[in-house]
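The values are calculated or read from the model by the stated rules, or taken from the named source; none is laboratory data. This one's a predicted model, so the numbers in the text were calculated from it and none came from an experiment. Neighbour counts run over all protein chains shown; Cβ positions are idealised from the backbone, glycine included. Calculation scope for accessible area: heavy atoms of the full protein, side chains included, ligands and nucleic acids excluded. Shrake-Rupley method; radii C 1.70, N 1.55, O 1.52, S 1.80 Å.
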Amino acid sequence: MIKKNNVLITGGAGFIGSSLANVLLPQNKVTVIDNLSMGDFNNLQESANLTKILGDVTDKKLLTKVFEENDFDYIFHLAAIASVADSVARPYETHQVNFDSTMMILEILRQNKKSLKRFVFSSSAAVYGDEPTLPKTEESTIRPLTPYAIDKFASEKMAMIYYNLYDIPASATRFFNVYGPNQNPNSPYSGFISILVNRLRENTELTIFGDGEQSRDFVYIEDVIQALLLIATSNQSLGEVYNVGTGIKNTINDLTKFAQKFTDKELSIKYDAARQGDIKDSLSDVSKLESIGYKPNYDLANGMKKYLNYEFK
Ligand code: NAD
Ligand code: UD1
């Protein structure tokens, strides 16, 4: 566990960032930087330990000032344009956030890392692309299909190189599909489960891209926080990249059926053309993460029950 430390969370008003901040806040000083493009400061608990900075992670002047004025023990770089489809629509703009910000922070740290214990970069299962062998281990073929996936792979590699060449203590996570409370459903590019829950609540039409038989390894936010804390604090994880998933995959159709049955609601569903760059099947092997103590506590049914009970309480 991280206690009595000074922690920076970029993208800390977003889904994963705010969930992590809320776990750390009681026992740590937490600084959050977010431009609120997807996040919301209301996701964060009020706390005297919290500093909120409204700003852009591509703003070098701002970032330099923040690093000059603080001595961070842990940095979780979560700010990104998290949508694969948005990166297909806006490759250059998303590249500036999804790659350039990582490089800039690493470079600031190279000049002066102060007492940094760990920089954790949030990469993605998207790096594996469409090479069909499942499950994916960290050594599986990397075949990125989109600007998003290339930027995530380049960023995680850059972080590892800054560790090897300049001794910046870095690790990276390859998250599979994360879900849970406070994931913003209000963009067409939002995560599927957040959109599904929103359509159930508002009784509006759900669009499924493709035949709905594509599958994902859906991982509940609490297991993701467990993974982030382990990766940030383990000695073994220095300079290493970890899959973060459950090792179980489910199709979009099965998930949609489950959520309708559990909430006793019937959705109107439209099937549309598959999205460009969309991966067919995705499944993690988490044995490397298990070797540092990870044990996922939620399969999709249990995680969805907890999430839906929270949403429909
Ligand atoms: P999110 O969109 O909820 O969080 C990202 C946050 O970054 C948002 O609050 C957004 O406002 C902020 N942000 C975006 N651009 C910014 C900028 N230029 N400057 C400052 N802040 C900016 O997404 P999330 O699901 O919490 O994802 C967090 C990280 O994990 C991202 O890097 C994402 O790529 C990665 N990831 C997420 C998943 C998933 O399934 N949710 C899976 C793999 C990887
Ligand atoms: C998600 C994450 C991405 C992460 C990746 C890791 C988001 C927005 N995306 O991408 O950051 O790196 O997991 O695996 O958090 N779909 C529909 N209807 C919709 C929305 C989506 O059918 O309204 C489909 C998509 O076409 C896709 C599947 O649902 O086949 C999942 O989509 P999405 O939740 O956006 O996830 P990924 O693209 O897997």
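What is the distance in Å between the Cα centres of segment 87-122 and segment 215-264?
23 Å
Could you compute how much accessible surface MET38 exposes when probed at 1.4 Å, giving the result in Å² to the nearest 10?
Result for MET38: roughly 90 Å² accessible.
Under a crude label model (7 Å from the Cα following the beta-carbon direction), how far is GLN45 from LEU165 in nanometres?
Computed distance between label sites GLN45 and LEU165 equals 4.1 nm.
If we count GluC sites (Glu not before Pro) as exposed when they sit in a DSSP loop and have at most 14 other beta carbons within 10 Å, what is the longest stretch of the chain that avoids them all?
So the longest stretch without any such site is 47-138.
If R0 is 41 Å, what FRET efficiency do you get for LEU62 and ASP130 from their C-beta distance, rounded to 0.05? Don't skip to the end; give the middle numbers.
Working: r = 38 Å, r/R0 = 0.92.
So the FRET efficiency works out to roughly 0.65.
Please give the FRET efficiency for GLN27 paired with GLU202, using the beta carbon to beta carbon distance and R0 = 51 Å, rounded to the nearest 0.05.
That gives a FRET efficiency of 0.85.
Percent relative contact order of the chain, based on C-alpha pairs within less than 8 angstrom and at least six residues apart? List each step's numbers first, then the result.
Numbers: 634 pairs, mean separation 55.2, N = 313.
Over the chain, the number comes to 18 percent.
Once label points are set 7 Å from the Cα along Cα→Cβ at both LYS265 and ASP278, what is their separation, rounded to one decimal in nm?
It works out to 2.1 nm between the two label points.
Along Cα→Cβ, 7 Å out, is where each label goes; now give me the distance between the ones at ILE292 and TYR92 in nm to one decimal.
Roughly 3.7 nm, to one decimal.
Keeping all protein chains in place, calculate the accessible area per residue for the chain (probe 1.4 angstrom), answer in Å².
Per-residue value: 44 Å².
Looking at segment 123-201, what % of the alpha carbon pairs are farther apart than 18 Å? Show your work: numbers first, answer last.
Numbers: 1689 of 3081 pairs.
Tail of P(r) above 18 Å: 55 percent of Cα pairs.
Show me 22-29, 165-172 ranked by packing, highest mean number of other Cβ atoms within 10 Å first.
Order by mean packing, descending: 165-172, 22-29.
Of all trypsin sites (Lys or Arg not before Pro) in segment 108-174, which ones are in loop regions per DSSP and have a Cβ with at most 12 other Cβ atoms within 10 Å?
Numbers: sites: ARG110, LYS113, LYS114, LYS117, ARG118, LYS136, LYS152, LYS157, ARG174; in loops: LYS113, LYS114, LYS117.
The qualifying sites are LYS114.
For a test of the definition: using alpha carbon positions, the gyration tensor, and the 1.5 limit on a/c, classify segment 62-155 as rounded, prolate or oblate.
Oblate is the answer for segment 62-155, as a/c is 1.5 or above yet b/c matches or exceeds a/b.
Amide H to amide H under 5 Å from GLY14: which residues, 5+ apart in sequence or cross-chain, H placed 1.01 Å off N in plane?
ASP40
Quote the relative contact order of segment 47-155 in percent (integer), defining contacts as alpha-carbon pairs under 8 Å separated by 6+ residues.
Numbers: 124 pairs, mean separation 34.9, N = 109.
It comes to 32 percent, rounded to a whole number.
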